[in-house]
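I have placed the structure first, in the form of structure tokens, so that the comments after it can refer back to it.
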Amino acid sequence: MSHRPRKIARAWLESPTRGVVELLHDWRARHLPPLALDGPVRFASVQRVPDYLFGCESGYFVNRKNEIFFFLRLEEHPEIDPTVEAVYLAGDFNGWQDAVGNADWVLRAASLDGNRVLLWSGAASHFYRHPLMRFKFVTAAHRWLPVRADAPNAFRDEAGNFNFSIDPNRTGQHLFQFTLEKPVALSESLAVRWAGGELDETVPLMPGEFFYQLGTELPLGALVRGSETVFRIFAPRAKTVSLCVCAALEQQGEPHTYSLTLRPDAPGETGVWEITLAENLHGWFYWYHIDGPRDAFGLFDPTQRVLDPYALAAVDRLGPGIVLDPAWIGQGDRTFKTPAWHDLVIAEAHVRDLTALAPVAMSAEERRGFAGLRKWVEHPDFYLHRLGVNCVELQPVQEFDNKTPAEYHWGYMTANYFSPESSYATDPVRASGVKEFQALVAAFHRRGMAVILDVVYNHVGEPAHLMFVDRLYYFEQDAAGQLSNWSGCGNDLRTRAAMATRLIIDSCRHLVEACGVDGFRFDLADLVGAEVLKKVEVALKRVKPDIILIAEPWSFRGHIAGELRDTGWSSWNDGYRNFVRDYVRGGGTRESFEYYLKGSPWYYAKWPAQTVNYTESHDDKTWIDNITENASGNGDHPTLNDRRRTHLMAAFLHMSIGIPMLSAGQDFIRSKQGINNTYQMGEVNALDYRRIYRFPSTHAYFADWIAFRRSEAGRLLRHFSRATEGFYRFFWSNDSTAAVVLYNADFSLGRTQLLFAINPTIYDATLSLGEEIASDKWRQLADHERFFASLHVGGGQRVESEFFVPALGLGLWWREI
């Protein structure tokens, strides 16, 4: 291989005294590559990495005899019992699915370095080609085993699926271990190069996985303790940390400045800087300056003002932070009983969308934020109260990066995770937002509504203060220091780093304990990762056992709803959203209808409330703009059929198993004039409550469906556990997806039943129900226009064996046997 260029791909530390160098190509020469280290430390030894260790991450390796070994470790797949179910190697080389059932491609049980594995081996030459061949492991039941996105050979196809790739230049013969003469200081810049001056090339030596497990259990932030204040921050690669404090904003130009001290390394205290000032500094302002190594992975700038990640309040996105005494903050409302998940009906809303046009007298400052929304919540005509929901999901209220208080912003660019958004406060300099947000949550609770917060822990806004604390520790990046961007926002948080995980947990815990919130919806939760989400769940349930946890389970990288089945997380259901949009326009399939109406069982939702069913959210177009017949795609003036289809959606949503969620304004056919992205368009997003009077019957129809869902009659839809196989019975039109569904067909939940009929086509339909279903005992509760005020046996449309359902029509019946 001497004709190949000698090039170092990357180098990383596995501990302060040892690490790995990865070459761009295999090194098959008997002698070791001539590597050297630039910096105050030298190599003590260099040797080959056992080739199978590469395979532990990449799924394959090639030995020096050019034999290729594909394998998976059974300890990483406890769900696989190889004595019961076979696992196959599948890829471009054997037709993928065609490998299943073919004995030539089955993996055999073996032992590799003492590990139980399933393994396939053969001649490597058959798997080398360009473009690179891809592969994956699949079970006999056609279940594809997932590929980690951070695998060194992970390849993402156009559909967003990850596969392994086979690179003939990187087979396990390209990795070398080294040890150092002495432990390296993380604040130093080190680089690996070729010795002897053959090539003028150096590669930065990057801390490895051990680095991301560094952390502390000590309290962080500005800690007021009686007559003293402790300032403590975690900065594992910093060389210096200085603190600036002042009693008034006007003194920022001449603050008191102090140098923090790095605590001696001890278990649980690595990378912690602190100073204690002998004064209670409640209400003072503060910020940090941090310096560290100038390398490809850092963004250390001693001139940059850094907002403390643990600041409990901030003047704005730039800071400064505000020191707050926990005694002044107090506790959030603890008198409210959070509804059971299966009883929830959620409305997603934005603080300013709710207040902008609210028919309540308030000042301009109040209308921009928490204080104004509290007034609206407390008003007798509060919109969400009259609609009847029992839970509000507020779009982000943690400090985000709008540039002025007046600037409208959705809030998905977080600048600080503890501070309430300063532009929502009437007096941010005095941290009024803390008290105002507490009062807002308490007001929602008095209205009988739980409060869920939309939180963004997958990326940060500008300025990215955590970048200046430690870019490498807190942000995903490659060996060249290029930031990962699966969020689409230019920086992905390294949430699996110990102190990033702790930051997530601590800030959520603070919002529960200090503000009284009932739960969280995690934005782009795929980037947070299932393992971190599990840790968050465990930690928060210690604080609030009935906490509501909802994931947006996707990102540009992938989708993890399936991985969350065995957790206490529910997930937004994008498949449900897309199906209903198609279904009301005559699309979809019977199988999909059954699947989503039953609550997306098993793969998406192992238990009923694990799916959040919705058809509109803040993202993208509104429901009406998506389904309107108007050629412009603007549903501001909906057609008669648009309204009928909206009623079909409302009925299907509330008749589906799972948690129903509406977007605020959906009940009065809110439109955004066909605009797809309105994240900074406050005038478009503001809720125009006059549409309630323009479309009163639709608003009332939604409110009635919500009331029914929450009523005793609706208990057949609010499942705590999965229904029996015989609970549902479906009847279909012969030539369309018009359907009638009988709930509690087997009487497993008592002696009452529901009958739901729906026809999404523009043609009338007649369905055969049979004499068993036809009965004079059915009481009609609703049709496609209204709920009936007077209910009596035999009222409304009779349920007959040959059952008529009008075009774009529906009906709901109840009976007791």
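The values are calculated or read from the model by the stated rules, or taken from the named source; none is laboratory data. Because the structure is predicted, anything quoted here is derived from the model rather than measured. Ideal geometry is used to build each Cβ from the backbone, glycine not excepted, and the neighbour counts take in all protein chains shown. With ligands, DNA and RNA removed, areas are computed over all heavy atoms of the protein, side chains included. Shrake-Rupley method; radii C 1.70, N 1.55, O 1.52, S 1.80 Å.
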| task | Show the residues, 5+ positions off or on another chain, whose built amide H is closer than 5 Å to the amide H of Ser571. | result | Ala551, Thr611, Val612
| request: Beyond 23 Å between alpha-carbons counts as too far, so tell me which of Lys435/Lys621; Lys182/Lys239; Lys375/Lys403; Lys337/Lys544 fall in that bin. | output: Lys435/Lys621; Lys375/Lys403
| task | Excluding residues fewer than 8 places away in the same chain, name every one of the lysines whose C-alpha is closer than 24 Å to that of Lys136. | result | Lys65
| Long-range amide H partners of Val87 with built H, under 5 Å | Leu107
| request: Note the angle between two axes, namely the Cα long axis of helix 465-474 and the longest principal axis of the Cα atoms of the chain, as a number of degrees from 0 to 90, rounded to the nearest 10. | output: 70 degrees
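Mind checking the full-extension length gain between Arg73 and Leu249? Use 0.36 nm per residue of separation minus the Cα-Cα distance, one decimal, nm.
Result: 57.5 nm gained on full extension.
When a/c reaches 1.5 or more, the comparison of a/b and b/c decides; with that in mind, is segment 662-796 rounded, prolate or oblate per its Cα gyration tensor?
On the way: a/c = 1.98, a/b = 1.88, b/c = 1.05.
Prolate, since a/c reaches 1.5 and a/b exceeds b/c.
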| field | Distance between segment 727-759 and segment 452-499 - C-alpha centres, whole angstrom | value | 48 Å
| query | Which angle between 0 and 90 degrees, to the nearest 10, do you get for helix 530-543 versus the longest principal axis of the chain when only C-alpha atoms count? | reply | 70 degrees
| remark: Partner lysines whose C-alpha sits under 17 Å from that of Lys606, ignoring same-chain residues fewer than 8 away, are Lys534, Lys598
| task | Mind checking which of Ala525, Ala480, His289 is farthest towards the positive end of the chain's charge dipole, using Cβ charges of +1 (Lys, Arg) and -1 (Asp, Glu) about the Cα centre? | result | Ala525
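Would you mind getting me the FRET efficiency between Ser736 and Asn676? Use the beta-carbon distance for r and R0 = 25 Å, nearest 0.05. List each step's numbers first, then the result.
Details: r = 31 Å, r/R0 = 1.24.
Step by step, r from the Cβ atoms, then E = 0.20.
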| Given 0.36 nm per residue, what is the gain on full extension from Glu279 to Ala807 after removing their alpha carbon distance, in nm? | 182.6 nm
| query | Dipole of the chain (Lys/Arg Cβ +1, Asp/Glu Cβ -1, origin at the Cα centre): which of Asn402, Val805, Thr261 lies farthest to the positive side? | reply | Val805
| request: Take the alpha carbon atoms of segment 207-230, find their center, do the same for segment 155-193, and report the distance between the two centers in whole angstrom. | output: 30 Å
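Rounded if a/c is under 1.5, else prolate if a/b beats b/c, else oblate: with a ≥ b ≥ c from the C-alpha gyration tensor eigenvalues square-rooted, which is segment 220-353?
On the way: a/c = 1.78, a/b = 1.59, b/c = 1.12.
Taking the square roots of the gyration eigenvalues as a ≥ b ≥ c, segment 220-353 is prolate.
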| note | Phi angles of segment 804-815, converted by Karplus (6.51 cos²θ - 1.76 cosθ + 1.60, θ = phi - 60°) into ³J(HN,Hα) in whole Hz with x for Gly and Pro, give 8, 10, x, 4, 6, x, 7, x, 9, 10, 9, 8
| said: Rounding to the nearest 10 and keeping the result within 0 to 90°, find how far the Cα-based axis of helix 640-655 lies from the longest principal axis of the chain. | reply: 70 degrees
| field | Nearest-20 debye value, the chain charge dipole, Cβ charges on Lys, Arg, Asp, Glu | value | 660 debye
| Calculated from backbone phi, Karplus (6.51, -1.76, 1.60) coupling profile of segment 134-146 in Hz, x at Gly/Pro | 10, 8, 7, 9, 9, 8, 4, 8, 6, 9, 7, 6, x
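Within the P(r) computed for segment 269-423, what percentage of the Cα pairs occupies the region above 23 Å? Don't skip to the end; give the middle numbers.
Details: 6413 of 11935 pairs.
Result for the distance tail: 54 percent.
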| Förster-model FRET efficiency, 60 Å R0, Leu145 and Ala327, C-beta, rounded to 0.05 | 0.70
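Hey, what's the Cα Rg ratio for segment 507-601 versus the globular rule of thumb, 2.2 N^0.38 Å?
So the Cα radius of gyration is 1.27 times the expected 2.2 N^0.38 Å.
With r as the distance between the Cβ atoms of Ala340 and Lys777 and R0 = 35 Å, compute the FRET efficiency 1/(1 + (r/R0)^6) and round to 0.05.
Calculated transfer efficiency: 0.70.
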| note | Checked against the structure, the computed Rg/Rh (Cα atoms, Kirkwood Rh) among [x] 1.01; [y] 1.15; [z] 0.98 is the one labelled [x]
| query | Summing -39500 (n - 2.57) over the DSSP H runs of n ≥ 4 in the chain and dividing by its residue number, what mean residue ellipticity at 222 nm do you reach, to the nearest 500 deg cm²/dmol? | reply | -5500 deg cm²/dmol
| Computed from the mean reciprocal separation of all distinct C-alpha pairs, what Kirkwood hydrodynamic radius does segment 102-155 have, in Å? | 13.5 Å
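Ordering Trp486, Trp194, Trp105 from largest to smallest accessible area (1.4 angstrom probe), what's the sequence? It would help to have the intermediate numbers written out before the result.
Values: Trp486 80, Trp194 5, Trp105 45 Å².
Result, largest first: Trp486, Trp105, Trp194.
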| field | Computed over segment 1-121: relative contact order in percent, which uses C-alpha pairs under 8 Å that are six or more apart | value | 16 percent
| task | Can you grab the distance from the C-alpha centre of segment 406-425 to the C-alpha centre of segment 11-57, Å, no decimals? | result | 46 Å
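Within segment 226-327, list the GluC sites (Glu not before Pro) lying in a DSSP loop whose Cβ has at most 14 other Cβ atoms in a 10 Å radius. Before the final figure, lay out each step's value.
Numbers: sites: Glu228, Glu250, Glu269, Glu274, Glu279; in loops: Glu279.
Taking segment 226-327 and a limit of 14 other Cβ atoms within 10 Å, the loop GluC sites (Glu not before Pro) found are Glu279.
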